[in-house]
Structure formats: C-alpha cells, structure tokens
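Contents: one structure, followed by commentary.
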Amino acid sequence: MSTTTAEQEKPFLIVGTGTETVAPGLHILRGQGQSFVAETDAGLVVIDAGPGGSVTQGMIESLRRISDAPLHALCYSHGHVGYNAGVPQWLAHAKERGDPVPRIIAHRNVLRRYARYRETQALQHRMAEIQFNRAPGFFDHRLTMHEPAETFDDCLVIGSGERRIELRWAPSETDDAIALWSPAQRVLYGGAALIDSIPNIGTPFRTMRDTVRWADTLEMLAALGARKAVREFGPTLEGEDTVRSVLTHTARALRWLRAEVVRLMNEGLNERQILARIRFPDELFAVDWMKPTYGDPGYIVRDIYRSENGWWDRNATSLHPEAPEAVAEAVADAITDKAGVIERAQALAQAGRVQMALHVIDLLATATGGAPEIAQARRLKAEWLRQRAGQVSSYVSRNLYRVSADMIEQGTQARFGIC
C-alpha cells in the first residue's frame, strides 16, 4: 500500500508530546491520543501506557518533568491494543527506579476482548493495515497485548480525601472503556467515550457498537457535573454548562439516529434505502463536536440497522451465492458492449457523479481475466476511488478508498477480500 500524501504519512492517532495541567495534580499526557495522569496520595495513576517505542518513552520522560512520585497504577482507557502496547516500558521504568511494581488495571471486559483478538490476530492486523493505510506487516510487532493484573466492573476508587479519584465503567467505543473522575476538583477524563468528532460507531471493519449505550454513558458522565472534561482527542471542555451541553447534545443526536433508523426500518426500508432517505438535521449534526472527521453518521445508521437485522441484504439472489470471482466473470461475459459500459461510467464521472460511475464500472472492474476492457475498468475504478477519497470527510473512509485503489493497481485486492 502506498502512502502518497502528507496527510497519509501523518501518524493520525499520535497527538504530540508533553503534558498539560488541567487542575492541581491532574494532567494530560500526550501520546497515542491524550492519556491522563492523576497525582493521588497512593502515587501516580496513569491512564494508557501508549503504543510503545519512542512515543511511550517520550510520555515517561514528560511525566518525570512534572512529578518524581512512584507510579501506583497503569489503567487501560479501553481495550484497543495500541493504547497500551507500551506497558513493558513503564514496568521497566518503575523497576529501574526501585519502585514497587505498579498495578495494571482495566475493566473486566478487556480480558474477553484480548482473547478474541488473539484468536483473530491475523485478521486484526490486516484490518488495521487497511484502516490506517499501513504496509503489510506494519502491525505485526506493534499490537502486542499485555494482560491487566486487576479488573473491576463498575467503579474503582484510588486514593483518599481531596486526591481521591474514581475509575468508572463508561461503555462507548468499546464495552470495556472507562473514565476517570476527580470528585474534589470536578474534573472528568472521558477516555474513548469523549472525542471531538461524531462518536466512532459503525466503523466498517469493526464489530457493532451500541449507539444507545453510548448515549447512556454520555448522560451518566454529564450527570457528574464536571467543570472540566478532558477528551481522548481534542481540546478540553471548559465550564460546567459547556461540558453538560456537549455531552447531552451528543447523546440526543445518537438517540435521534436510533429513533429515525427504527422508524425507517418499520416502514420496510432496507439498509441502502435508509441511507438514501435519511437526512441528518443541522441542529444536531452541524456542530463542531459532531463533525465526521473520523467516523461518519452513515456508519452509525449501518450499525443500528445491523443491530436489528440479519446479514441478508433483501436480494434473494444473495441468499446462496456463487463465488464472487465467478459471478464477476459471468457478468463481464454477459456484457456484449463492454466499451459502452466504460463510456457510460466515464460520462457519469465527468458529470461529477463519481459514486454512480463506480457502481457502473464495477460491472467490469470486479471481474478476473486480462481482457483490455477489464484492465481499463480497474484503472478507472482506482482513479475514481482516489477522487472519492477527496470528497469525504471521514479519515477511515478516505483510507479505505485509497488503500482499495492501491490494491487494485497492485493486483493484491483478492488477498485482502477487497473488491
């Protein structure tokens, strides 16, 4: 896979270096996303160890510029592996200092997630390569898993008095996500539940995420009455009214999505018909914290639809299909005017209807064989996929378009199940 633009080469999840104090004894620690540090009377509590290597080393060095206290606990904000691949470096650091072994804490559901990731390791690596536009093998030694030594269910308290913090279960992007709450200072670290874009629900390569449960979590966090809320990505929310407004507004948008998709399903619409019909109201979705920079509201629609429907796309032809390669070949053979298909697709693209051009060119581009029309169709599809990448806001969608184009040109799409 190529990485041909500065945007693609930029490490998307790495937010910088250093620390930022948000309240006495409470600090943002930048690495893969914004980690968090709480100075408690038991020692330092760090949320997320980072991805390892130079990023985690930089996090350790940044922390030591603000505190020499021993590390009491490393906590997993959620079970996505890259955020805590750096655990061994933190343990080695504590050992070098002669400190006690830190507690390694996560929500109980991380254990089940890690078991699933080990079972599907090759798949997980392949999906990450495509989603983040990285070369094959890039994640083989970067997604190392380290079991937590201690888990909890709903809430875990560390420290006492004014320096007491609470780890709270906050299911959202994952069912093992947690938030950190400082009652004395009314500071919230929202972890994966709180980012500066539309909630990451329905990502094309991932298992379903519960839209209503995420809304429940946001409302639970809003009820705490935080004066400041630190996001995993994005600027800190300042002021009790602002925190409550952002959290409850996002929850309201998610509940609207659920209700609207259910309404359209009850009308008898299938997934694609819903995507064509639904309109996202500006009062809910045209605000800064709902922008589709990573995910997309259409992704959420698909997740809600999948939560209530089976795998069938409502086309009876797909119930017991032939092999996709054989189907594509048969379709291509059935087209007597292949040049006409290409000309029609090109006309659509020239008229600015690139997505429709992709639908038409797929009549030939998905077929196997070396016919010149099929080769031309593949070249055009790759070209138009790159055009589509420039038309969408979602980082994930842009990468999927670009990586798919690369694979078509390299002839490696079948290896990854890409069409």
**OP:** Considering each residue of region 55-79, count those that are surrounded by fewer than 23 Cβ atoms within 10 Å (Cβ to Cβ) and either in contact with a helix residue (DSSP H, G or I) (Cβ under 8 Å, 6 or more places away or on another chain) or without any contact (Cβ under 8 Å) to a residue 40 or more places away in the chain (or both), and give that number.
**Re:** 8
Original post:
Which of the residues that make up region 149-201 are over 14 Å from the mean Cα position of the chain (by Cα) and in a helix (DSSP H, G or I)?
Top reply: GLY161, GLU162, ARG163
**OP:** Kindly indicate which of ALA106, ALA49, ALA69 is in contact with a strand residue (DSSP E or B) (Cβ under 7 Å, 6 or more places away or on another chain), small (Gly, Ala, Ser), under 16 Å from ALA192 (Cβ atoms) and not in a strand (DSSP E or B).
**Re:** ALA49
Subject >> Criterion (more than 30 Å from PRO292 (Cβ to Cβ), crowded, with 18+ Cβ neighbours inside 10 Å and of a type in the set (A, V, I, L, M)) met by exactly one of ILE104, ILE130, ILE195, ILE178 >> reply: ILE104
**OP:** Could you list, in sequence order, all residues of region 249-302 that are of a type in the set (D, E, K, R) and more than 18 Å from THR203 (Cβ to Cβ)?
**Re:** ARG252, ARG255, GLU260, ARG263, GLU267, ARG272, ARG277, ARG279, ASP282, GLU283, ASP288
**OP:** Consider ALA328 carefully, then state whether it is closer than 26 Å to VAL396 by Cβ, out of contact with any helix residue (DSSP H, G or I) (no Cβ under 8 Å at 6 or more places or on another chain), modelled with pLDDT of 90 or more and in a helix (DSSP H, G or I).
**Re:** yes
Subject >> Matching option when the condition is at pLDDT 95 or above, within 14 Å of the chain's Cα centre (by Cα) and under 25 Å from ILE14 (Cβ atoms), among PRO292, PRO297 >> reply: PRO292
Original post:
Do we find that VAL246 is outside the structural domain of LEU188 (by TED's automatic domain parsing) and touching a strand residue (DSSP E or B) at 6+ places or on another chain (Cβ under 7 Å) in this structure?
Top reply: yes
Original post:
Out of all the residues in region 378-388, is one or more farther than 28 Å from GLY202 by Cβ, of a type in the set (Lys, Arg) and modelled with pLDDT of 95 or more?
Top reply: yes
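A quick yes/no check of all residues on (1) closer than 28 Å to TYR294 by Cβ; (2) assigned to a helix (DSSP H, G or I); (3) in contact with a Leu (Cβ under 9 Å, 6 or more places away or on another chain); (4) of a type in the set (A, V, I, L, M, F, W, C):
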{"residue": "THR336", "(1), (2), (3), (4)": "no, no, no, no"}
{"residue": "GLY340", "(1), (2), (3), (4)": "no, yes, no, no"}
{"residue": "ALA349", "(1), (2), (3), (4)": "yes, yes, yes, yes"}
{"residue": "LEU363", "(1), (2), (3), (4)": "no, yes, no, yes"}
{"residue": "ILE374", "(1), (2), (3), (4)": "no, yes, yes, yes"}
{"residue": "ARG378", "(1), (2), (3), (4)": "no, yes, yes, no"}
{"residue": "LYS381", "(1), (2), (3), (4)": "yes, yes, yes, no"}
{"residue": "ARG388", "(1), (2), (3), (4)": "yes, yes, yes, no"}
{"residue": "ASN399", "(1), (2), (3), (4)": "yes, yes, no, no"}
Subject >> Subset of region 265-303 [part of a loop (DSSP other than H, G, I, E, B), aromatic (Phe, Trp, Tyr) and under 23 Å from PHE233 (Cα atoms)] >> reply: TYR294
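The values are calculated or read from the model by the stated rules, or taken from the named source; none is laboratory data. Since this is a predicted model, take the numbers as computed values, not measurements. As a convention, Cβ positions derive from the backbone with ideal geometry for all residues, glycine included, and neighbour counts pool all protein chains shown.
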